[in-house]
Amino acid sequence: MSIENKIFQMDLGGRELKVEIGRYAPLAKGAAMMRYEDTVVLVTAAGSSKPRVGLDFFPLSCEYQEKMYAVGKIPGGYIKREGRPSENATLTSRLIDRPIRPLFPDGYKNEVQIVATVLSVDQNNSPEITAMIGSSIALSISDLPFNGPTGAVKVGLVDGEYVINPTVEQAEKSLLDLTVAGTKDAIMMVEAGSKIISEEEMLNAILFGHEAIKEIVSFIDNIVNELGVEKKEYIKPEENLELKDFVKETVYEELLKIVRINDKVERGEAEEDLIEKMTIALEEKFENADELKNTAKGFFKSFEKEQMRLMITNEGIRTDGRKPDEIRAISTEVGIIPRTHGSGYFMRGLTAALSLTTLGALGEAQRLDGIDNEETRRYMHHYNFPPFSVGEAGPMRGPNRRAIGHGALGERALVPVLPSEEDFPYAIRVVSEVLSCNGSSSQASICGSSLSLLDAGVPIKDSVAGIAMGLIKEDENIAILSDIQGMEDFLGDMDFKVAGTKEGITAIQMDIKIQGIGREILEKALEQARVGRLFILDKMSESISTPRSDLSEYAPRVFNIKVHPDKIRDIIGPGGKVITKITSECDVKIDIDENGMVLITANDGKGGKEALKRIETIVKDIEVGEIYTAKIVKIAKFGVFVELLPGKDALCHISQLTIKRLNKVEDLFKVGDEIVVKVIEKDAQGKTSVSRKVLLNEEEEKKSN
């Protein structure tokens, strides 16, 4: 259906958000050209008319495409076009996906794709938020069965006040970087990094953001009503009641026992045996058994989910025997990998992460080629999830969206406690290897990484721990679960990750599988997470609680010196000769910024100290009256040139070489000779004159006295 071109606008955070519909991408099911001041994002929604056969999940894909022309840049590298998505693009794609996925009908298997193309970026107006709002509009004006709309905003905390969609200047001063999305009735998704704020401050920020979301949703509702959008009715396929009854009769009684088996491995084996028993019975009863196997397994899982949820909500007992607020057994260890600069091992139940720290020169910080303001990343946190961690065999490829997201969450959680570059001039990389997983592996990686940083001697401000909270909601019965395991995550209604120190929160990530949650549940979940986090921090402190006093013997040593920016050229030398000589002879790496901060990174202290000494000598100002033992580097008819300091020459005129008159310099001196001279003059151009004669006269006077 073609739509007449129309423009809608609203005030969002004190700036105009404009939506143009109808003119662009007319063949998409829904398309919105979003303009937030000078930030422009085209968001489209497309979908298939028929379900994909054989799928047991909803095939929704969200793609956030960063275009370098949006910020007036040509892509770096040999191939001058955009390549694989940046980390920010991947994370934004996840942000778009998470609040809208739960709002499609249960059982919907038609393919749906959201594409957000960033055309122009004004850094004061977030293209990510613009894309998230655009995705809701594109879906809402399409005929796809989307039970929205949703809205999304960023929230900052500046000078004690909450701010919607903070500008760059406000964001630099903000204690909070929160993205929240939801419907008019409930919150669907939260993603935040903060500089150690309280649970109450975080809760109020989320609710403050929700008030702005309600205005966005009302704005989108008005668009939908004015366009007269008609949705296609989604008719859920009829269940095979005969098969469902058969599965229930076959497995239900034994499932009641299986969900109460505490051990994951034993429970998994019992499930497999029961599924095999069900399959044999299926083949005996139905001629088309092969066609029914996947559907039968689906009924099996639904009955299992039902029993697990009822056991938790009605009895307060979880599948591993814990109470709702109980945390699994914890063990920690540090310093277990000898040649790394730091290592920490954190195990909680059957979830275990080994985190390894590497220190490097600041010049080894990650360079970012993206559309935002950030150009380098000093702290890098990477998360790996190999198949063996869940007892499976599988392909070993690059990190997927989940791994990138978990790594970014760990980075966000730990950045607030890192020392400044001035206090600790290192680039830092932490890699978390998940060795075993039964839920909450991202939070285990945060705990392990905190231990690893302490073991490496990084002077972090405080230890950071993470905990994943869950929710089971059956009618009016609600259970909030601390430290959820894999089954509770998969079969539950919420995955709410909270990381922080004993003083407050540093990062949050929340996903909801139901139609959102309100203040009461959020408040209780945050408090329960705080108590759990303090318990975990106490356990971690048993292994290490303060940074090691010395770095690993295998870690590089960094020496720094602040010089006047005018001295930078002296350190570099003509054609880079001076700095090249120092780096090669001392076996060091030297980084100099435009403000005159010189960082020397050495494999050992000896080379670093020698390089520092040479640079100190180079930048030292030569003063009148100072005495030097200098080498003659050039002879002229009128005198000799001597090197007082590396790269700094001075003229000793022929009249200043000897007490008696000297007819020819070469009669007494040659290149390479060392002579003792005194600085007698520095002119306005910085040229220096020295005298040997002055010192000889002083010596004669001493003898005569």
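When a/c is below 1.5 the answer is rounded, else prolate if a/b is larger than b/c, else oblate, so apply that to the stretch 627-704 with a ≥ b ≥ c taken from the square roots of the Cα gyration tensor eigenvalues. Oblate. Is the shape of the stretch 213-334 rounded, prolate or oblate, going by the alpha carbon gyration tensor and its root eigenvalues a ≥ b ≥ c, with a/c under 1.5 for rounded and a/b larger than b/c for prolate? Since a/c reaches 1.5 but b/c is at least a/b, the shape of the stretch 213-334 is classed as oblate. Panel values: the chain, Kirkwood radius from alpha carbon pairs, Stokes-Einstein at 4 °C and 1.567 mPa s, translational diffusion coefficient 43 µm²/s. Inter-label distance, GLU211 to LYS664: 9.5 nm, where each label sits 7 Å from its Cα along the C-beta direction.
Would you work out if the stretch 330-541 is rounded, prolate or oblate? Take a ≥ b ≥ c from the square roots of the eigenvalues of the alpha-carbon gyration tensor; rounded if a/c is under 1.5, else prolate when a/b is larger than b/c, oblate otherwise. Since a/c reaches 1.5 and a/b is larger than b/c, the shape of the stretch 330-541 is classed as prolate. The calculated 222 nm mean residue ellipticity attributable to helices in the chain amounts to -10500 deg cm²/dmol, summing -39500 (n - 2.57) over DSSP H runs of n ≥ 4 and dividing by all residues. Restricting the stretch 142-242 to trypsin sites (Lys or Arg not before Pro) that sit in a DSSP loop and have at most 13 other Cβ atoms within 10 Å of their own Cβ leaves LYS231, LYS232.
For the peptides 458-471, 112-125, 262-275, residues were scored by their other Cβ atoms within 10 Å and the scores averaged per peptide; the highest-first order is 458-471, 112-125, 262-275. Take every Cα pair under 8 Å whose residues are at least 6 apart in sequence, average their separation, divide by the length of the stretch 23-167, and the relative contact order is 35 percent.
The GluC sites (Glu not before Pro) found in the stretch 321-427 that occupy coil by DSSP, while having at most 12 further C-beta atoms within 10 Å, are GLU374, GLU375, GLU392, GLU422. Simple spin-label estimate for GLU276 and ILE514 gives 3.7 nm between the two label positions (7 Å along the Cα-to-Cβ direction from each Cα). Helices that extend 27 Å or more along their long axis by alpha-carbon positions and average at least 0.5 on the Kyte-Doolittle scale are absent among the DSSP H runs of the chain.
Both numbers refer to the Cα atoms of the stretch 426-534; Rg and Dmax are 15.2, 53 Å.
Candidates ALA611, ILE336, LEU274 compared by Cα position along the dipole of the chain: farthest toward the positive end lies ALA611, with charges placed on Cβ. Of the GluC sites (Glu not before Pro) found in the stretch 170-232, those that fall in a DSSP loop while having at most 12 other beta-carbon atoms within 10 Å are GLU230. Could you compute Rg(Cα) / (2.2 N^0.38 Å) for the stretch 165-265, with N its residue count? For the stretch 165-265, the normalised Cα radius of gyration is 1.84. Sorting 394-401, 8-15, 507-514 by average packing, meaning the other beta carbons within 10 Å per residue, from highest down gives 507-514, 8-15, 394-401. Between the stretch 528-582 and the stretch 119-133, what is the separation of their alpha carbon centroids in Å? With the stretch 528-582 and the stretch 119-133 each reduced to a Cα centre, they are spaced 35 Å.
The mean of 1/r over all distinct Cα pairs in the stretch 557-618, once inverted, gives the Kirkwood hydrodynamic radius of 11.3 Å.
Any read-out appearing in this document is the output of simple, stated calculations on the displayed coordinates, not a laboratory observation. Just so you know, these numbers come straight off a predicted model, no measurement behind them. Here the Cβ is made from the backbone with ideal geometry for all residues, glycine too, and neighbour counts use every protein chain on show.
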